[in-house]
Amino acid sequence: MGTLDIDFVRAQFPAFAEPSLKGQAFFENAGGSYTCRPVLDRLSRFYTQRKVQPYAPYDASRLGGEEMDEARARLAAIMGVDTDELSFGPSTTQNTYVLAQAFRQWMKPGDAIIVTNQDHEANSGPWRRLADDGIEIREWQIDPDSGSLSLLDLENLLDEKVRLVCFPHCSNVVGEINPVTEITAIAHSAGAFVCVDGVSYAPHGLPNVGDLGPDIYLFSAYKTYGPHQGCMIIRCALGEMLPNQAHHFNAGVLYKRFTPAGPDHAQIAASAGMADYVELLCDHHGGPEAGASARGGFVHDIMREHEVALLQPLLDAVKDRNTLRLIGPSDAARRAPTVALALNREAEPVAAELAKYGIMAGGGDFYAHRPLQAMGVDPDQGVLRLSFTHYSSQQEIDQLLEALDRVL
């Protein structure tokens with residue numbers, strides 16, 4: 001596998017040629033990434049040429065519908081699932097609430113759901129609310145020092161009452177990559193379905209959900225170089241078992257069953273640009289010529305290799321400082337490049353100090369009250385979060401390290 005061509009990568013993102021952003025190093029990618037040019041081109045084309053109700057017989061409408069279908073088909077193929085198993089919604093949080101409503105109707109009082117306290121609130125709060133209907137909520141708790149989830153702890157929580165296990169592919173503050181395949185196998189062997197929040201993982205390489213094995217996989221396109229949409233994979237066996245949440249006449253169409261609101265046509269069509277971008281990277285770097293999931297897997301791996309190489313020096317620079325606490329693993333290979341630092345003081349003013357040195361970063365709780373509290377971090381003080389992706393450069397890491405030396 002070759003080295004990621006960072007100049008080629010950055011040329012695909014107009015933000016890096018934007019004069020107003022010159023000299024600014026972006027380290028709040030976990031909150032939303034820059035958008036790649038293929039997405040912007042498709043969005044502009046849709047609003048310019050296809051902004052009519054789709055799926056009618058006239059050309060502008062027919063082509064608009066075809067572009068929406070293309071987005072689902074191509075992204076699903078990259079992620080190793082059937083086209084109808086991928087649907088779009090306004091956000092991952094909204095998608096999760098719709099799913100929780102379906103499980104509310106399907107489950108019986110006394111049934112149980114396992115959630116973690118490592119999650120962003122979006123994959124925790126909607127499920128916890130089912131307790132109001134007599135559903136038992138069991139919390140898979142993190143280690144208060146490391147922030148890690150123990151597989152043995154999960155096994156001790158599972159029994160014949162558990163219908164669903166919800167956990168993150170990686171946390172938006174802990175950053176550790178959880179073993180999805182292993183966790184899924186443990187849950188399935190106990191008769192439970194699995195829901196994975198992939199929001200903090202997918203920007204670092206779209207995963208092959210078919211290989212990983214969960215029944216539900218959620219992620220956000222706007223954090224994955226795309227438009228502001230929530231992407232939701234529900235495998236067919238589960239999707240057809242749960243009650244329809246959409247118009248009654250859409251009950252027989254899997255990708256419509258859990259998207260009750262009218263979709264954003266333009267943004268769905270523009271999401272095909274995410275697949276265009278994967279194809280561009282694969283071709284430029286000499287990846288496999290055939291097989292959408294194989295090509296996606298190749299791109300996933302070169303993204304991760306680049307990120308790990310940039311991430312380790314950052315972790316090394318902060319892990320032993322007495323004035324702060326690194327949340328999560330100090331081994332770059334075990335985590336996403338989302339680095340939360342507890343500073344024993346309010347984090348937001350520190351992020352403001354970094355901005356003076358051209359570092360765009362965030363301070364706060366990042367909707368992760370539960371993991372922060374579990375690790376003894378005051379959510380009101382929050383953490384300084386430094387997050388990047390494969391389009392970040394060595395020069396930007398150097399700029400960040402220099403700025404951290406000045407403000408910490």
Which condition does ASP5 not pass, out of (1) acidic (Asp, Glu); (2) within 30 Å of LYS356 (Cα to Cα); (3) buried (at least 16 other Cβ atoms within 10 Å of the Cβ), if it passes all the others? (3)
Does at least one position in region 110-120 carry a residue that is at pLDDT below 95 and at negative phi? yes
Is region 81-98 home to any residue that is touching a helix residue (DSSP H, G or I) at 6+ places or on another chain (Cβ under 9 Å) and free of Cβ contacts under 8 Å to residues at least 60 places away in the same chain? yes
Complete set of residues in region 342-386 that are of a type in the set (Val, Ile, Thr), under 26 Å from GLN141 (Cβ atoms) and in a strand (DSSP E or B): VAL383
Of all strands (runs of 3 or more DSSP E) completely enclosed by region 54-145, which ones contain at least 2 residues that are more than 19 Å from TYR201 (Cα to Cα) and either of a type in the set (Ser, Thr, Tyr) or open to solvent by 10 Å² or more (accessible area, probe 1.4 Å) (or both)? 136-140
Of the residues THR48, THR35, which is β-branched (Val, Ile, Thr), under 24 Å from GLU279 (Cβ atoms), at pLDDT 95 or above and open to solvent by 80 Å² or more (accessible area, probe 1.4 Å)? THR48
As an exercise: evaluate ILE142 against (1) in contact with a helix residue (DSSP H, G or I) (Cβ under 9 Å, 6 or more places away or on another chain); (2) over 28 Å from LEU315 (Cα atoms) and give the number of the one condition it does not meet. (2)
Restricting to region 344-357, what's the tally of residues that are surrounded by fewer than 23 Cβ atoms within 10 Å (Cβ to Cβ), out of contact with any strand residue (DSSP E or B) (no Cβ under 6 Å at 6 or more places or on another chain), in contact (Cβ under 8 Å) with a residue 24 or more places away in the chain and not aromatic (Phe, Trp, Tyr)? 4
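Table: residues versus (1) within 20 Å of PRO38 (Cβ to Cβ); (2) of a type in the set (A, V, I, L, M); (3) open to solvent by less than 20 Å² (accessible area, probe 1.4 Å).
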site	(1), (2), (3)
HIS285	yes, no, no
ALA290	no, yes, no
GLY297	yes, no, no
ILE302	yes, yes, yes
GLU305	no, no, no
ALA317	no, yes, no
Examine region 166-174 for a residue that is surrounded by 20 or more Cβ atoms within 10 Å (Cβ to Cβ), without any contact (Cβ under 8 Å) to a residue 40 or more places away in the chain and not in a loop (DSSP other than H, G, I, E, B), and state whether such a residue exists. no
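Evaluate the following for ALA340: is it of a type in the set (Gly, Ala, Ser), farther than 24 Å from LEU4 by Cβ and in contact with a Lys or Arg (Cβ under 8 Å, 6 or more places away or on another chain)?
Working: of a type in the set (Gly, Ala, Ser): yes; farther than 24 Å from LEU4 by Cβ: yes; in contact with a Lys or Arg (Cβ under 8 Å, 6 or more places away or on another chain): yes.
Spelling it out, ALA340 is indeed of a type in the set (Gly, Ala, Ser), farther than 24 Å from LEU4 by Cβ and in contact with a Lys or Arg (Cβ under 8 Å, 6 or more places away or on another chain).
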Has region 269-277 got at least one residue that is more than 21 Å from PRO203 (Cβ to Cβ), of a type in the set (A, V, I, L, M, F, W, C) and in contact (Cβ under 8 Å) with a residue 40 or more places away in the chain? no
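The values are calculated or read from the model by the stated rules, or taken from the named source; none is laboratory data. Just so it is clear, the structure is predicted and the values come from calculations on it, not from any experiment. Every residue, glycine among them, receives a Cβ derived from its backbone with ideal geometry; neighbour counts consider all protein chains shown. For accessibility, only protein heavy atoms count, side chains too; no ligands or nucleic acids. Shrake-Rupley method; radii C 1.70, N 1.55, O 1.52, S 1.80 Å.
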